[in-house]
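Asks: The following block contains the structure, expressed as structure tokens.
Please treat every number below as a calculation from the coordinates, not as lab data. Given the structure is predicted, the values throughout are model-derived calculations rather than measurements. Note that we place each Cβ from the backbone using ideal geometry, even for glycine, and neighbour counts take in every protein chain shown.
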Amino acid sequence: MIYVPYVIAIAFSLAGIALAGISTDRHFVVIMLAVELILLASTILLVTFFTYQKSPDPSGIVMLISIWTVAAVEVITVIAFYVYVKARGLDFDVTRLSRMKW
């Protein structure tokens, strides 16, 4: 049996690593991967809390599906942005994104 405090510690450490990745790196893909880590940490916490709940509640499943939906949309957005930036020959440095012409 896995103890809940260990799972919570793993989720918070993943979120901390992701926040460090967002705050220190300027590469767009790395920032998006860090956001994916935050979504993964929230999914781990959600599954942990709803696994040890006494009464079954369908709101946990709805929240889990919504987190997965946001993660899927984010991946599609990152892929589209990657193709757009590579086609224009731009850099993935977030500070240089103002050069993009819409």
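Asks: Determine the distance separating the Cα centre of segment 18-33 from the Cα centre of segment 67-82; give it in Å without decimals.
Replies: 15 Å
Asks: Next question, about the same structure. Find me the longest stretch of the chain that has none of the exposed trypsin sites (Lys or Arg not before Pro), where exposed means in a DSSP loop (not H, G, I, E or B) with at most 16 other Cβ atoms within 10 Å.
Replies: 55-100
Asks: Also, I was wondering about something else. Expressed as a whole percent, how much of the Cα-Cα distance distribution for segment 4-99 exceeds 21 Å?
Replies: That fraction is 45 percent.
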